[in-house]
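I have placed the structure first, in the form of structure tokens, so that the comments after it can refer back to it.
The values are calculated or read from the model by the stated rules, or taken from the named source; none is laboratory data. Since the model is a prediction, treat every value here as computed from it, not as a measurement. Because the Cβ atoms are built from the backbone with ideal geometry, glycine has one as well, and the counts that use them run over all protein chains shown. Ligands, DNA and RNA are stripped out before the accessible areas are found, and what is left, the full protein with its side chains, is counted by its heavy atoms. Shrake-Rupley method; radii C 1.70, N 1.55, O 1.52, S 1.80 Å.
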Amino acid sequence: MAKIHEQIPKIMAEVGPIAKDRKNTQQGYSFRGIDDIYAALQLVMAKHGVFPVPEVLEERTEDRTTKSGSALIYRVLKIRYTLFADDGSSLSAVVIGEGMDSGDKASNKAMSVGEKYALLQVFMIPTHEAKDPENDSPEVE
């Protein structure tokens, strides 16, 4: 068995839930930021000799406008995050990251979102919430 397949469960065993302690004030939802994920994982991953490397596979950019008429850049990136162990073995996860910004940060935001979800999903990091996304069923007209 490759070492990466041994290290992932060890990391999972050491990292507990990460609460959604941050609040998006404009839209009123709680979330976990990329810094919360880094704080929970960085030392544990280093201890087990595992590190991620991103690779943008595809990108799409759209120009959008805010309600007030300001310009926004909307960027969608398809990113492969490869987790390497110190023996060179690896495991990859491909995710979509989306980001929007009025300046030059749309790609940075898309990368952060992509990495956050790649790490959350690979390491199966729960929140403290019992709510499942299946609880909400939007109505379609």
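From the list THR82, THR65, pick out the single residue that is more than 19 Å from HIS128 (Cβ to Cβ) and in contact (Cβ under 8 Å) with a residue 24 or more places away in the chain. It would help to see each step written out before you state the result.
Numbers: THR65 fails: in contact (Cβ under 8 Å) with a residue 24 or more places away in the chain.
Of THR82, THR65, the one residue that is more than 19 Å from HIS128 (Cβ to Cβ) and in contact (Cβ under 8 Å) with a residue 24 or more places away in the chain is THR82.
The set of residues in region 1-48 that are open to solvent by less than 90 Å² (accessible area, probe 1.4 Å) and farther than 20 Å from MET124 by Cβ comprises ASN24, GLY28. For region 21-67, the set of residues classified as over 17 Å from GLU115 (Cα atoms) and basic (Lys, Arg) consists of ARG22, LYS23, LYS47, ARG60, ARG64, LYS67, listed by residue number.
Taking first residues from region 1-26 that are over 22 Å from ALA46 (Cβ atoms) and in contact (Cβ under 8 Å) with a residue 40 or more places away in the chain and partners that are open to solvent by 90 Å² or more (accessible area, probe 1.4 Å) and of a type in the set (Phe, Trp, Tyr), the Cβ contacts under 9 Å between residues at least 6 apart in sequence or on separate chains come to LYS20/TYR29. Among residues of region 60-90 being touching a helix residue (DSSP H, G or I) at 6+ places or on another chain (Cβ under 8 Å) and open to solvent by 70 Å² or more (accessible area, probe 1.4 Å), the one that is nearest to MET100 (Cα to Cα) is ASP86. Annotation: GLY97 fulfils all but one of (1) at pLDDT 95 or above; (2) more than 17 Å from PHE31 (Cβ to Cβ); the unmet one is (2).
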